[in-house]
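Every number here is computed from the coordinates shown, using simple stated rules; none is lab data. On a predicted model such as this, the values are computed, not experimentally measured, just so you know. A quick note on method: Cβ atoms are made from the backbone with ideal geometry, for glycine too, and the neighbour counts reach across all protein chains shown.
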Amino acid sequence: MAMDFFNVRVGCLSADTVLPFDLYVQIQDRQVHYLRSGDKLKPDRFEKFVNSDRFYIPNEQRQSFKDFISRRLDDENLHFKNKAEILRESSLSLVEEIYENPDVGKALEDSKKIIHEFVKFMEQEPEGMDHLISLSNHDFYTYNHSLDVGVYALGLGRLIGFSATELEELGRGALFHDVGKRWVDVDIICKKGALDEVEWAQMKKHPEFGLQILNEYNVSEAIKACCFEHHESFLGNGYPQELPGKDIHPMARIIAISDTYDAMTTQRSYNQPMTPKDAIEFMTTKLKDRYDPEYLRVLREVMFQL
Ligand SMILES: [Fe+2]
Ligand SMILES: [Fe+2]
């Protein structure tokens, strides 16, 4: 009988914990049964996997997997560092699904649960945010980028004093800030090296494309602004509208900072990443006119204590 699977990253599981679902591994193009529901992964076997490896779980056991993750995140005995890792690794799989799913409506709905878990984590584990930030980085897929922009944005938003409801909006805005790239040719998105003029013109349309996509759904103005205004510049020479700073939605100003910071510190195939310190130094000197000065100060002095 054919079985459908979803994949999870190895990092959201741990050894010596009873797993209430079956695990499969992929060998060539087939899923091969690896562990029975109710069993534990043995540490010596678990250590052979690396973080980017995947396990596969039958679709009908999806709820058991979700319940398992929620229980782990609520477990008072688990260290916040482990929780941060579970949260990140389990969210990456979900964000990946969001990006692969042509149904934006469903993706928008699913994003609520992901961001809710992050906001809950920040409330329950105040020290955990730093660790979550330190886990962010360094590969370059769009979904990683969106999740990492989300983590930085939530970190900034919390320090700026946003309420839980506002943080949830901001986090979802971050996950969808580049949704318009769905309409940009994939060759342009994946091109290694600089874009030519025609390609760049198309790339610069992604905020407008994103707004058109989101306009089809019942999402807040704040989320739309995160998408449409994240390439505006505080000085008024950004795109697409050349809005002056005071007219840029505060959440879009936060996304703009988080977006650049992530781009600069992430390994792409064609450039070397900057260290966090160098990126912030560059943003607060050479690029400083682009960003809200107060939010830049929070990034520099509070979030990264530079
Ligand atoms: Fe963008
Ligand atoms: Fe982006």
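How much length, in nm to one decimal, is gained on full extension between HIS116 and THR165, taken as 0.36 nm per residue of separation minus their Cα-Cα distance? Numbers along the way, then the final one.
Values: separation 49, 0.36 × 49 = 17.64 nm, distance 0.93 nm.
Stretched fully, the HIS116-THR165 segment lengthens by 16.7 nm.
Find how much the distance from ASN7 to VAL186 grows on full extension, using 0.36 nm per residue of separation minus their present alpha carbon separation; answer in nm with one decimal. Display every interim value, and only then the final one.
Details: separation 179, 0.36 × 179 = 64.44 nm, distance 2.37 nm.
Difference between extended and current length: 62.1 nm.
Could you give me the ³J(HN,Hα) list for the stretch 90-100, computed from phi with Karplus coefficients 6.51, -1.76, 1.60 and θ = phi - 60°, whole Hz, x at Gly and Pro?
Each residue's phi maps through the Karplus curve to give 6, 5, 4, 4, 5, 5, 4, 5, 4, 6, 8 Hz.
Using a 10 angstrom Cβ neighbour count of at most 10 plus a DSSP loop assignment to flag exposed trypsin sites (Lys or Arg not before Pro), which longest range of the chain is free of such sites?
Numbers: sites that count: ARG36, LYS48, LYS192, LYS286.
Longest gap between qualifying sites, sites excluded: 49-191.
In whole Å, how far is the Cα centre of the stretch 56-110 from that of the stretch 172-195?
Between the Cα centres of the stretch 56-110 and the stretch 172-195 lies a distance of 24 Å.
On a full-extension model of 0.36 nm per residue, what is the gain between VAL18 and LYS277, subtracting their alpha-carbon distance, rounded to one decimal in nm?
Details: separation 259, 0.36 × 259 = 93.24 nm, distance 4.12 nm.
Extending this stretch completely gives an extra 89.1 nm.
Which loop-located GluC sites (Glu not before Pro) does the stretch 139-207 contain, where loop means any DSSP state but H, G, I, E or B and the Cβ has at most 13 other Cβ atoms within 10 Å? Let's see the in-between values first.
On the way: sites: GLU166, GLU168, GLU169, GLU197, GLU199; in loops: none.
Taking the stretch 139-207 and a limit of 13 other Cβ atoms within 10 Å, no loop GluC sites (Glu not before Pro) are found.
Between PRO240, PRO102, PRO250, which gets the highest mean-square fluctuation from a Gaussian network model of the chain, Cα cutoff 10 Å?
Per the Cα network of the chain with a 10 Å cutoff, PRO102 tops the list.
What FRET efficiency comes out for ARG71 versus LEU195 if R0 is 35 angstrom and r is the Cβ-Cβ distance? Round to the nearest 0.05.
Values: r = 46 Å, r/R0 = 1.31.
Taking R0 as 35 Å, the efficiency between ARG71 and LEU195 is 0.15.
According to a simple spin-label model (label point 7 Å from Cα along Cα-to-Cβ), what is the distance in nm between GLN26 and GLN267?
Label at GLN267, label at GLN26, 2.1 nm between them.
Check the straight Cα-Cα distances from LYS120 and name the lysines below 18 Å, setting aside those fewer than 8 residues away within the same chain.
LYS66, LYS81, LYS83, LYS112
Students often forget the sequence filter, so: which lysines lie under 19 Å Cα-Cα from LYS246 once same-chain residues fewer than 8 apart are removed?
Reachable lysines: LYS224, LYS288.
Could you derive backbone 3J(HN,Hα) for the stretch 8-22 from the dihedral phi with the Karplus parameters 6.51, -1.76 and 1.60 (θ = phi - 60°), listing whole Hz in sequence and x where the residue is Gly or Pro?
After applying 6.51 cos²θ - 1.76 cosθ + 1.60, I find 10, 7, 4, x, 8, 10, 9, 6, 6, 10, 5, 9, x, 7, 7 Hz.
Using only the Cα atoms of the stretch 79-303, build the gyration tensor, take square roots of its eigenvalues as a ≥ b ≥ c, and label the shape rounded, prolate or oblate: rounded if a/c is under 1.5, else prolate if a/b is larger than b/c, else oblate. Could you put the intermediate results ahead of the total?
On the way: a/c = 1.28, a/b = 1.13, b/c = 1.13.
Rounded shape, in that the Cα axes give a/c under 1.5.
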